[in-house]
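Participant: Before anything else, here's the structure in question.
The values are calculated or read from the model by the stated rules, or taken from the named source; none is laboratory data. Remember, predicted model here, so these are calculated numbers, not experimental data. Here the Cβ positions follow ideal geometry from the backbone for every residue, glycine too, while neighbour counts run over all protein chains shown.
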Protein chains: 2
Amino acid sequence: MASRRRVGEFELIARHFAPLARSFAGAGGLESDNAFLPADRRHDTAVKTDTVVSGVHFLADETPQRVAAKALRVCLSDLAAGGARPLAYQLSLALPRGWRERWVEDFARGLAADQRRYGIVLCGGDTVVTPGPLSITITAFGTVPRGRGLGRADARPGDELWASGTIGDGALGLLAARGRLKGLGARDRKALEDRYRLPRPRTALGSRLIGIANAVADVSDGLLADAGHIAAASRLEVHIARELVPLSGAARRALAVDPALWANVLGGGDDYELVIAVPPRKRAALLVAARRADVPVTPIGRFARGGGVRLTVNGKGVKAPRTGYVHF
Amino acid sequence: MASRRRVGEFELIARHFAPLARSFAGAGGLESDNAFLPADRRHDTAVKTDTVVSGVHFLADETPQRVAAKALRVCLSDLAAGGARPLAYQLSLALPRGWRERWVEDFARGLAADQRRYGIVLCGGDTVVTPGPLSITITAFGTVPRGRGLGRADARPGDELWASGTIGDGALGLLAARGRLKGLGARDRKALEDRYRLPRPRTALGSRLIGIANAVADVSDGLLADAGHIAAASRLEVHIARELVPLSGAARRALAVDPALWANVLGGGDDYELVIAVPPRKRAALLVAARRADVPVTPIGRFARGGGVRLTVNGKGVKAPRTGYVHF
């Protein structure tokens, strides 16, 4: 975080970059995770670019295999939010001075493992050397049925808000990795840290949400921020009931030790779960899709007319912790 | 350049990344400027990613508008080499700590100007803050007729090698910008510097080369390196006659002052011209296409069975200057 107040990432994009994308319908005003380019008569290609920088988006001591996995998986998480099946990706690798071939070899091995796991394949890119830290930009391509890719802008009043998996493990895992999570057993700390280091994008669920969800975002900036992005893009308010937010055992125990960690659970990022706006009549279909994808889903709130994020604890309104821009 | 001997960019890609792209036909083994994804029944989408880093690929004191132009145009040059018409692009902007909104505003203004000039539009991306230098990764998309996108691998023995525009101005312009080009008038120095700072990608020519050229590359690494890339990908030798290489007046005068600059003219990069492998029977068609695109083209050599780059001066073989990896 910068020490003086600066415009945030979303404001910056809205002010300076969204006007550049106005004439491209598939860009959705840069408000969603993906852009959509026409593919064949029955499909569009979902496109998403993400950059990760050493020491900012992953720990500087991370193994090359895990760096590869993180770089690729944050993009796969966006494709999942778009309802897309992974297809191919472009890789730009900016190596720091003093790079070693052995590192690149292990990095490529990490990519190869994830290519097999997610059914995606490298199709091009660029390699440069930078005086700065290791940085990786991936542009991932996925396939969606024509005109049906999911974005953030189509939630409706009355839609339920669902979350996949468990929330908060990413942010708690970052604390654990930095040795800042006290009073918790080693096994819990390890479990949380693994969640931070190795995202598990919900690709199996994402493509099954087409025809069910009205809007989807992945939880990369934090639950409140990302649910808020859907609300903002859809010009709605989103209400989240904190007691319904699904937590892992490790997160529950961490919160029992220190309830102040709720700010990290709700406001931190790196969960790479999906938040999903679903009309009530599609609830059964969502549960079937989630079972087929083997991903648990939990209803945690609702969309209504209005604007912003409203957080309650057992029905009582509480101040939402400061959110978003965690990497910016 | 690293002080100790390291594997070069192309070797690194061939060893560690080409195997990851083996199963994707449109990646062409990562040997060409572009990958091709299927679009509709009559088109493919050409895709190219390029990263530029402040102080490496452009001068650290460059204006935001020119940084925007350089970042976008190096990608457009690759699309031109693929025979593609510009369509859309994704932008990843890694801002240095201490960035100012004013800079971003001017940068976006530069993008807007080039969007109008080249008929391309922003469709998405990412914005991050890095502890390193300003870095920009652009993934550009272009349109080519189905299955007819141009690459580097299909030159044939007997094909002529043609070059667009003039060669060497980029590398000489970098010297001029660094105050290392002595004995040359201010106007010539300025003209060369402009060529370095502001590439003019040959998009109008590129899309007209489909059905004419067997292989195309853009001159980003240097004439000998890029003609050599076509030769290597096509498993051929390329012969270049130095006296035929088209030069600007400024470059001619610089060489008259210091003939050692031939190494920069032939071995430096950043010309963003096209080198084109054309069968002799297509020569007339090439000249018509070049006239319609308003881009001069010059025959400078020929492909033959064998391997590597053979440089001659008035028929006499000379040692080619060390080439490639200028940014690596």
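This table checks each residue for (1) farther than 21 Å from B:Pro133 by Cβ; (2) more than 10 Å from chain B (Cβ to nearest Cβ); (3) outside any loop (DSSP other than H, G, I, E, B).
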| position | (1), (2), (3) |
| --- | --- |
| A:Pro19 | yes, no, yes |
| A:Asp33 | yes, no, no |
| A:Asp40 | yes, no, no |
| A:Thr45 | yes, no, yes |
| A:Lys48 | yes, no, yes |
| A:Val53 | no, no, yes |
| A:Asp61 | yes, yes, no |
| A:Val67 | no, yes, yes |
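Participant: Looking only at helices (runs of 4 or more DSSP H) that lie completely in region B:186-282, which have at least 3 residues being not small (Gly, Ala, Ser)? Give the derivation first.
Facilitator: Numbers: elements: B:186-197, B:203-206, B:223-233, B:249-257, B:262-267.
The qualifying helices (runs of 4 or more DSSP H) are B:186-197, B:223-233, B:249-257, B:262-267.
Participant: I've got another one for you. Of all residues in region A:165-206, which are out of contact with any helix residue (DSSP H, G or I) (no Cβ under 6 Å at 6 or more places or on another chain), in contact (Cβ under 8 Å) with a residue 60 or more places away in the chain, more than 13 Å from A:Glu273 (Cβ to Cβ) and among the small types (Gly, Ala, Ser)?
Facilitator: Selection gives A:Gly185 alone.
Participant: Across region A:235-257, which residue is surrounded by the fewest Cβ atoms within 10 Å (Cβ to Cβ) among those that are of a type outside the set (A, V, I, L, M) and over 18 Å from the mean Cα position of the chain (by Cα)?
Facilitator: Within region A:235-257, the match that is surrounded by the fewest Cβ atoms within 10 Å (Cβ to Cβ) is A:Glu243.
Participant: Of all residues in region B:21-31, count the ones that are facing another protein chain (nearest Cβ under 7 Å), crowded, with 17+ Cβ neighbours inside 10 Å and more than 22 Å from A:Pro38 (Cα to Cα). I'd like the intermediate steps shown before the answer.
Facilitator: Of region B:21-31, the ones facing another protein chain (nearest Cβ under 7 Å) are B:21, B:23-24, B:26-27, B:30.
With crowded, with 17+ Cβ neighbours inside 10 Å added as a condition, the list becomes B:21, B:24, B:26-27, B:30.
Narrowing the set further to residues that are more than 22 Å from A:Pro38 (Cα to Cα) leaves B:21, B:30.
Selection size over region B:21-31: 2.
Participant: From the residues in region A:145-172 that are buried (at least 24 other Cβ atoms within 10 Å of the Cβ) and within 14 Å of another protein chain (Cβ to nearest Cβ), which one is farthest from B:Ala35 (Cα to Cα)?
Facilitator: Among residues in region A:145-172 that are buried (at least 24 other Cβ atoms within 10 Å of the Cβ) and within 14 Å of another protein chain (Cβ to nearest Cβ), the one farthest from B:Ala35 (Cα to Cα) is A:Arg152.
Participant: Please list, ordered by first then second residue, the pairs with beta carbon atoms under 8 Å, 6 or more apart or interchain, first in region B:116-130 and more than 21 Å from A:Asp33 (Cβ to Cβ), second in a strand (DSSP E or B) and not hydrophobic (A, V, I, L, M, F, W, C).
Facilitator: B:Tyr118/B:Pro86; B:Gly119/B:Arg85; B:Gly119/B:Pro86; B:Ile120/B:Pro86; B:Ile120/B:Tyr89; B:Thr130/A:Ser135; B:Thr130/B:Pro96
Participant: Shifting gears a bit: Would you mind finding the one in A:Ala60, A:Ala27 that is in contact with a strand residue (DSSP E or B) (Cβ under 8 Å, 6 or more places away or on another chain), free of Cβ contacts under 8 Å to residues at least 12 places away in the same chain and either more than 21 Å from A:Gly269 (Cβ to Cβ) or outside the structural domain of A:Asp194 (by TED's automatic domain parsing) (or both)?
Facilitator: Values: A:Ala60 fails: free of Cβ contacts under 8 Å to residues at least 12 places away in the same chain.
Of the residues listed, the single one that is in contact with a strand residue (DSSP E or B) (Cβ under 8 Å, 6 or more places away or on another chain), free of Cβ contacts under 8 Å to residues at least 12 places away in the same chain and either more than 21 Å from A:Gly269 (Cβ to Cβ) or outside the structural domain of A:Asp194 (by TED's automatic domain parsing) (or both) is A:Ala27.
Participant: If you don't mind, there's one more thing I want to ask. So for region A:258-279 (the condition being surrounded by fewer than 20 Cβ atoms within 10 Å (Cβ to Cβ), more than 29 Å from A:Leu175 (Cα to Cα), in the same structural domain as A:Arg195 (by TED's automatic domain parsing) and over 16 Å from the mean Cα position of the chain (by Cα)), does at least one residue qualify?
Facilitator: Yes, because at least one residue in region A:258-279 is surrounded by fewer than 20 Cβ atoms within 10 Å (Cβ to Cβ), more than 29 Å from A:Leu175 (Cα to Cα), in the same structural domain as A:Arg195 (by TED's automatic domain parsing) and over 16 Å from the mean Cα position of the chain (by Cα).
Participant: Additional query: Inspect region B:70-81 for any residue being under 18 Å from the mean Cα position of the chain (by Cα), in a strand (DSSP E or B) and aliphatic (A, V, I, L, M) and give the result as yes or no.
Facilitator: Checking region B:70-81: not a single residue is under 18 Å from the mean Cα position of the chain (by Cα), in a strand (DSSP E or B) and aliphatic (A, V, I, L, M).
Participant: Further, regarding this structure: Only one residue in B:Leu95, B:Leu134 is surrounded by fewer than 24 Cβ atoms within 10 Å (Cβ to Cβ), more than 8 Å from every other protein chain (Cβ to nearest Cβ), in contact with a Leu (Cβ under 8 Å, 6 or more places away or on another chain) and without any contact (Cβ under 8 Å) to a residue 60 or more places away in the chain. Which one?
Facilitator: When all the criteria are applied, what remains is B:Leu95.
Participant: Could you look through region A:108-123, keep only residues that are assigned to a helix (DSSP H, G or I) and closer than 23 Å to B:Val47 by Cα, and pick out the one that is farthest from the other protein chains (Cβ to nearest Cβ)?
Facilitator: Only one residue tops the list, namely A:Tyr118.
Participant: Quick check on A:Gly306: is it at positive phi, over 19 Å from the mean Cα position of the chain (by Cα) and surrounded by 13 or more Cβ atoms within 10 Å (Cβ to Cβ)?
Facilitator: Answer is yes for this residue.
Participant: I need a count of the residues in region A:82-106 that are under 30 Å from A:Leu209 (Cβ atoms), not charged (D, E, K, R) and not in a loop (DSSP other than H, G, I, E, B).
Facilitator: Selection size over region A:82-106: 7.
Participant: Ok, one more. Report whether or not A:Arg178 is more than 20 Å from A:Val297 (Cα to Cα), modelled with pLDDT of 95 or more and surrounded by fewer than 17 Cβ atoms within 10 Å (Cβ to Cβ).
Facilitator: no
Participant: What pairs can you find where one residue is in region B:279-295 and in contact (Cβ under 8 Å) with a residue 12 or more places away in the chain, the other is surrounded by 17 or more Cβ atoms within 10 Å (Cβ to Cβ) and hydroxyl-bearing (Ser, Thr, Tyr), and their Cβ atoms are less than 8 Å apart, with a gap of 6+ or different chains?
Facilitator: Short answer, once both residue conditions are applied: B:Ala290/B:Ser164; B:Val295/B:Ser164.
Participant: A further question follows. Could you list, in sequence order, all residues of region B:175-212 that are within 20 Å of B:Gly55 (Cα to Cα) and among the acidic types (Asp, Glu)?
Facilitator: B:Glu193, B:Asp194
Participant: If you scan region B:79-92, which residues turn out to be buried (at least 24 other Cβ atoms within 10 Å of the Cβ) and more than 9 Å from chain A (Cβ to nearest Cβ)?
Facilitator: B:Leu79, B:Ala80, B:Ala81, B:Gly82, B:Gly83, B:Ala84, B:Pro86, B:Tyr89 - these are the residues of region B:79-92 that are buried (at least 24 other Cβ atoms within 10 Å of the Cβ) and more than 9 Å from chain A (Cβ to nearest Cβ).
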